Amino acid sequence: MIEKYKKSLVAPLDNDELHIFNITNSLERSVQEILEIVNKKAYGIYLIGGMRGSGKTSTINLCSAKYWRTDLIRITINCNRMIGIESFLYFFIEKLYEEVKDLKLPDEIFNEINDIRIKIHNNVINKQVNKNDILKKESTKTDKSDEVGQEYKQSVFNNRLQFLKKVSYKESSSDIEQNSSGINIIKEIQERNDEFILVNRISDVMVEISAKKKDEKYRDYNIVLIIDEIDKQNKKFIEDLLDHYKNLFLNSHITTFFLVDLLNFLEINKGNELENKLLSYFTKSIYIPTIDYDDIKDYLYREFKIENYKEVIIANYLTNGVFRKVNTYKYLGERWESNLFLKAYIFYLILYKSEVVYEKLYIKDLYKIFLKDIIEEFFYKGYIYSSEIKEYMENMQEKFSCKYNFYKIIINSLMQACDETSYIKYIILPEQEVKYFLNEKGKDKLFEEYSYKKIEYEFDKNQVCKINSYFYKEQPKYIKISNNKPYDGNDIIRLIETLQKDVETLYIVKKIMVFMGSEQCSYSAILEVKRSIGMVMYSIEDFSFSYESSWSIQKLKDFIKTNGIKLIEIEMDDESIEGNIKYIRDILSKEIKGEN
């Protein structure tokens, strides 16, 4: 299903693609925290961390989605494009201009932004000219030094007077260099002061944009700034950026999110504010976790039409729940290793038994990484000692400054796994040492068993009876999943199965149309789902046509009937769902309430 609407399997999600993240339960807590910040305009600087590929950018895009917010300005700066912090203002003002140029704002604001743009452009050009001049002078000075050195050597052998002249020349040259150096320092001070003034002007403009206007034809805006790909830079880059532009980040009535990987997230959150000055800049740190086993199962079933547990267990192991890798798990190099499924199964078994009680979301991600390393070592040697596990875990805890007893968790889970499976054996040695053995006997039978073990969803009858029984007056946020691309009844059924506990309403829209001179119809499906961002309306437009085979719409209707869901079918002209949401929901309200 994913290939029907996603342009890239590795690029961050945005716009209609965001429905993927909106139906991922693992991210609920993080999404709620970020949404609260955005909705309440809690101005400040926030640190967003997560493993590379876990979906930090996609999550922020979901929480600051512009296409259902008319009052939001989202500015995203990709640090991969920046050449040092000096280029930050240039990229910032360009992005700001792009985002506001089509908005209704007073002319004074547009004029000020344009004037600042011109000045920043001129500053960039002048800095480059100055650099070129310095390089040219350095080159000339080198040539002169070589020439002076040659003449000096000749003077020693020929004429003492000539030597004194050269010494005099060098002294005067040194005075010139000192004067030149003084001029350069003055230039640097002027440039820094000019930049400081520009930053203050930008801050004032941002405050004006976000402030309530006297003229009602202009509105106030919620400004969100995203500093992305900052983990591609070093820690010093982050420090310099915050030191240099803290007035912009803190005094401009904007909400700024810094996106970093797990290692930078741990480094920045290390210690306290006395030991680590970076901590004092951030109002709050929020972690975006990897998705868990159940979410991987739902996602593969829904988006890739995977129907057996074997693939889910393998994907869970190979990807560690990193969203980008889940999309491409079939192409990971070690997929065809002979022991892969047994590794993946033992990983799943131990992880399932592990009671990782944690307040910080990154704890479980660290645990999964450590557990996978131990399993790799276990399979490499065919055995492992408890003392080796303890030493490894203690080293990792020290390396990542993580005060959590991972060793106790994994040993308890490992012993439970030994009791439930024959693939791990153990013997108890003196001094509380335990040796664990790998037993590969029967692994082919295990592989075959899970290859045929089907993913099946059972509906909770108490939950199903609530669908289409209540009408929510508040208009949901609209997300169009398909864009006239080949969907069918099975795709919609998979979506309902994986979202069942959150589905509030499910109905079919029948569009009357004329095709080749005769009256025909097309069918669309709409789900209204309660999620962390509020009520969401998902539409799958034109998935079945009456002039084609009717199996697709019939499949969906049979599914609705079989599961005891009230069938609601709304008729309308052949127009888009998005342009007729009010009309559709008015009819829906009457259908649910039983009005004629």
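Taken together, the values in this text are just the output of simple stated rules run on the coordinates, not laboratory data. Since the model is a prediction, treat every value here as computed from it, not as a measurement. Cβ: placed from backbone, ideal geometry, glycine included. Neighbour counts: every protein chain shown.
When a/c is below 1.5 the answer is rounded, else prolate if a/b is larger than b/c, else oblate, so apply that to the chain with a ≥ b ≥ c taken from the square roots of the Cα gyration tensor eigenvalues.
oblate
Could you tell me whether the range 449-521 comes out rounded, prolate or oblate from its Cα gyration tensor? Rule is a ≥ b ≥ c as square roots of the eigenvalues, rounded for a/c under 1.5, then prolate if a/b exceeds b/c, otherwise oblate.
The shape class here is oblate.
Using Cβ contacts closer than 10 Å as the measure, can you line up His19, His244, His121 from fewest to most?
Placing the least packed residue first, the sequence is His121, His244, His19.
So, counting K/R as plus one and D/E as minus one, what does the shell of residues with Cβ under 12 Å around Lys353 add up to?
Every neighbour counted, the sum reads -3.
For Asn222, list long-range residues whose amide hydrogen, built 1.01 Å from N in the peptide plane, is under 5 Å from its own amide hydrogen.
Residues meeting the amide H criterion: Leu72, Ile73.
Might you report the magnitude of the Cβ-based charge dipole of the chain about its Cα centre, with Lys and Arg at +1 and Asp and Glu at -1, to the nearest 20 debye?
520
List the residues whose amide H sits under 5 Å from the amide H of Cys521, counting only those 5 or more places along or on another chain, with H placed 1.01 Å from N in the peptide plane.
Met513, Ser546, Tyr547
Kindly provide the chymotrypsin sites (Phe, Trp or Tyr not before Pro) of the range 409-500 that DSSP labels as loop, not H, G, I, E or B, and whose Cβ sees at most 10 other Cβ atoms within 10 Å.
Tyr452, Tyr470
Loop-only trypsin sites (Lys or Arg not before Pro) in the range 409-479, please: DSSP not H, G, I, E or B, and at most 15 other Cβ atoms within 10 Å.
Lys441, Lys453, Lys466, Lys473
Just to confirm a number: summing +1 for Lys and Arg and -1 for Asp and Glu over residues other than Lys277 whose beta-carbon lies under 10 angstrom from that of Lys277, what do you get?
It works out to a net charge of -4.
Amide H neighbours of Tyr426 under 5 Å, at least 5 residues apart or on other chains, H built in the peptide plane: list them.
Phe437
Please go through the range 522-594 and write out the chymotrypsin sites (Phe, Trp or Tyr not before Pro) that DSSP classes as loop and that have at most 16 other C-beta atoms within 10 Å.
Counting only loop positions with at most 16 other Cβ atoms within 10 Å, the chymotrypsin sites (Phe, Trp or Tyr not before Pro) in the range 522-594 are Tyr547.
Summing -39500 (n - 2.57) over the DSSP H runs of n ≥ 4 in the chain and dividing by its residue number, what mean residue ellipticity at 222 nm do you reach, to the nearest 500 deg cm²/dmol?
Mean residue ellipticity at 222 nm (helix-derived): -16500 deg cm²/dmol.
Among rounded, prolate and oblate, which fits the range 349-477 when a ≥ b ≥ c are the square roots of the eigenvalues of its C-alpha gyration tensor, a/c under 1.5 means rounded, and a/b larger than b/c means prolate?
oblate
Given the pairs Lys310/Lys445; Lys325/Lys501; Lys372/Lys441; Lys56/Lys477; Lys477/Lys566; Lys310/Lys330, which span a C-alpha to C-alpha distance of over 18 angstrom in this model?
Lys325/Lys501; Lys372/Lys441; Lys56/Lys477; Lys477/Lys566
Determine the sum of side-chain charges near Thr57: Lys and Arg each +1, Asp and Glu each -1, restricted to other residues whose C-beta is under 10 angstrom from that of Thr57.
Computed value for this residue: -2.
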